[in-house]
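The values are calculated or read from the model by the stated rules, or taken from the named source; none is laboratory data. Remember, it's a predicted structure, so these values are computed and weren't measured experimentally. Here the Cβ positions follow ideal geometry from the backbone for every residue, glycine too, while neighbour counts run over all protein chains shown. Just the protein is used for accessible areas: all its heavy atoms, side chains included, with ligands, DNA and RNA removed. Shrake-Rupley method; radii C 1.70, N 1.55, O 1.52, S 1.80 Å.
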Amino acid sequence: MLFHVKMTVQLPLDMDPETAARLKADEKALAQRLQQQGKWRHLWRIAGLYANYSVFDVDSVQELHDLLMQLPLYPYMAIEVAAMCRHPSSIHEDDR
Ligand SMILES: O=C(O)CC1=CCC(=O)O1
């Protein structure tokens, strides 16, 4: 199951810089692990914003929920999710 996810990061302005740096490093490590596992298929910066557009490939809505909840930056993110299904004109046979 493919899901389009928009994540907008809103760190508190008064957050300790070391805490922010640790959260970002932990987020990066988990994001890269999930990409290697094929769960986090795409990760794009939205130009001009501290936000990203991502595509997740998971087995269930519950799995997506659990992945998003475990992101280190989750408490500081606004998250929007859209479920996607195959477009009849797509030439990509592996999209599902
Ligand atoms: O910087 C972001 O958009 C938040 C984020 C998601 C994965 C990551 O490494 O940072």
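Structure values in brief
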item	result
The chain: angle of helix 17-36 to the longest principal axis, Cα-based, in degrees nearest 10	20 degrees
1.4 Å probe accessible area per residue over the chain, in Å²	67 Å²
For the chain, with +1 on Lys and Arg beta carbons and -1 on Asp and Glu, the positive-most of 56, 69, 19 along the dipole	56
Cα centre as origin, Lys/Arg/Asp/Glu Cβ charges: the chain dipole, Debye	220 debye
Ellipsoid equivalent to the chain - semi-axes via the Cα gyration tensor, in Å	27, 14, 12
